[in-house]
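The values are calculated or read from the model by the stated rules, or taken from the named source; none is laboratory data. Everything quoted here is computed from the prediction, not taken from an experiment. Don't worry about glycine lacking a Cβ; one is built from the backbone with ideal geometry, like all the others, and counts go over all protein chains shown.
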Amino acid sequence: MKYFLTTAIFVVLTLMIIIVFKNQNKEELSINDRMTEEEGVTMAKDENLEKRKKVTIKTLFDNYQDVKGLKTGHGFSCLIEIENETGIHTILFDTGADGNILLSNTEALGIDINNVNSIFLSHIHSDHVGGLSNVLANNHNLQVIIPASFPDSIKQTIISDNASYKEISTREEIYDSVYTTGEMGTLIIEQSLIIDSEKGLIIITGCAHPGIVNIVKKAKEILSGKNIYLVLGGFHLSSESNTIIESIVNDFRMLGVEKVAPSHCSGNRARELFKNEYQDNFIDNGVGKIIEI
């Protein structure tokens, strides 16, 4: 009897040890599975990071010079390269006042104008559309995005150069994560470009005739909840008083603008006041400047 009792106890204890051992193995396996899953999430996040948009802005025409040897002129143009997993989309923002100067600078910078996918024209003034014919003569396999209020003469020029155009009236997403504010202003109609980048909104203006603060507010309205990472281009402040410029600088701070790159018609005094306020977040823009975001 004692033998059978001892044997039974031994069997029960053995079974208990086996069960505990199996449970420990299951727990370790579960932990390893969780670790593998977590590593998978991390890897997926890393892959997503690689797919994020890279934005490069190259100033091609401006009153100010960043790279010696390049030509300056009264006007503005910049090349915007938006790179993601599907490739690179290239937008030429405005064409400056002189097509020969524009093409000279692009050549010096090693930029092939034939790689431009589209042209975005902010407004009708000659210092922003003057180089259009020169560009289209070299590359007409593109679309020109224009305010709907543009005169028929510009539209005919585009057609005669075998290119196409898209008229813009209201705010619109023109490419993936790239928007136009739509036509703004009264006396001088203008559109500005908005890029929804990983670091926040990038706003690019031609001359900001409708008011640079109004344009920033419009961008925040179109893409509510997004921070403003950079405002670049003409701010149209060269004839404004220090008091007005200081007020605009304060408005930028209130609107949460992180970085500024005023150029073209912004004026020296405005650039100085913005630089004093923004310090390291002020970008001294000019012909040849390359900004990578």
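Structure summary
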{"quantity": "Exclusive hit being without any contact (Cβ under 8 Å) to a residue 40 or more places away in the chain and more than 24 Å from ASN63 (Cβ to Cβ), set ASP196, ASP251, ASP280", "calculated": "ASP196"}
{"quantity": "Sole residue being part of a strand (DSSP E or B), modelled with pLDDT under 95 and charged (D, E, K, R), chosen from GLU83, GLU173, GLU167", "calculated": "GLU83"}
{"quantity": "Breaking point among (1) assigned to a strand (DSSP E or B); (2) among the acidic types (Asp, Glu); (3) over 22 Å from SER122 (Cα atoms), for ASP196", "calculated": "(3)"}
{"quantity": "Selected residue [closer than 24 Å to VAL287 by Cα and at pLDDT 95 or above] from ILE158, ILE145", "calculated": "ILE145"}
{"quantity": "Count - residues of the range 77-101 that are under 15 Å from the mean Cα position of the chain (by Cα), surrounded by fewer than 17 Cβ atoms within 10 Å (Cβ to Cβ) and without any contact (Cβ under 8 Å) to a residue 60 or more places away in the chain", "calculated": "2"}
{"quantity": "Residue among ILE101, ILE158, ILE145, ILE80 that is in contact with a helix residue (DSSP H, G or I) (Cβ under 8 Å, 6 or more places away or on another chain) and of a type outside the set (Lys, Arg)", "calculated": "ILE158"}
{"quantity": "The range 209-236, subset under 19 Å from PHE61 (Cβ atoms) and free of Cβ contacts under 8 Å to residues at least 40 places away in the same chain, residue farthest from the chain's Cα centre (by Cα)", "calculated": "HIS236"}
{"quantity": "Cross-chain or 6+ apart pairs with Cβ under 8 Å, the range 115-131 first and farther than 20 Å from THR90 by Cβ, then crowded, with 23+ Cβ neighbours inside 10 Å and acidic (Asp, Glu)", "calculated": "HIS123/GLU190"}
{"quantity": "Members of the range 56-71 that are closer than 26 Å to SER197 by Cα, buried (at least 20 other Cβ atoms within 10 Å of the Cβ) and touching a Ser or Thr at 6+ places or on another chain (Cβ under 8 Å)", "calculated": "THR59, LEU60, PHE61, ASP62"}
{"quantity": "Unique match (being surrounded by fewer than 18 Cβ atoms within 10 Å (Cβ to Cβ) and modelled with pLDDT of 95 or more) among HIS128, HIS74", "calculated": "HIS74"}
{"quantity": "Of the criteria (1) closer than 15 Å to PHE61 by Cβ; (2) of a type in the set (S, T, N, Q); (3) surrounded by fewer than 22 Cβ atoms within 10 Å (Cβ to Cβ); (4) in contact (Cβ under 8 Å) with a residue 40 or more places away in the chain, which one ASN134 fails", "calculated": "(4)"}
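Residue by residue, here is whether (1) modelled with pLDDT of 95 or more; (2) closer than 21 Å to HIS128 by Cα; (3) assigned by TED's automatic domain parsing to the domain that holds GLU81 holds:
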residue: ILE194; (1), (2), (3): yes, yes, yes
residue: HIS209; (1), (2), (3): yes, yes, yes
residue: ASN214; (1), (2), (3): yes, yes, yes
residue: GLU221; (1), (2), (3): yes, no, yes
residue: GLY225; (1), (2), (3): no, no, yes
residue: ILE228; (1), (2), (3): yes, no, yes
